[in-house]
Amino acid sequence: MHRFHRQPDFNVGNPVKRNYMAKKKLKDLVINRDWCKGCGICIKYCPTQVLELDRLDISTAVRPEDCICCKMCELRCPDLAVEVIIEQGGDDEQ
């Protein structure tokens, strides 16, 4: 790259890019207790240790305030027992 070439700043004057990069906020973390078999995969993939197994070996959100809405738990759950519901700006997204 030429040393005088500036990289474009996509965040300036581009509302679409700004909204895309907005921080996600957790609305709800739903765990279907009937579907969860307690394998712990969601717990292992959570980067902020939001989930733990309860006394019945069912996944439970013990620190939902630490959730960064990466949805790794939802994506990795083999039983589709986890659903991360986020809200972004004023629009709800599921």
Only one of Gly13, Gly89 is surrounded by fewer than 16 Cβ atoms within 10 Å (Cβ to Cβ), modelled with pLDDT under 95 and within 17 Å of the chain's Cα centre (by Cα). Can you tell me which?
Gly89
If I ask for residues that are out of contact with any Pro (no Cβ under 9 Å at 6 or more places or on another chain), part of a loop (DSSP other than H, G, I, E, B) and surrounded by fewer than 19 Cβ atoms within 10 Å (Cβ to Cβ), which ones from the range 64-81 would you list?
Cys69, Lys71, Pro78, Asp79, Leu80
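The values are calculated or read from the model by the stated rules, or taken from the named source; none is laboratory data. Please read all numbers here as calculations on a predicted model, not as lab measurements. Because the Cβ atoms are built from the backbone with ideal geometry, glycine has one as well, and the counts that use them run over all protein chains shown.
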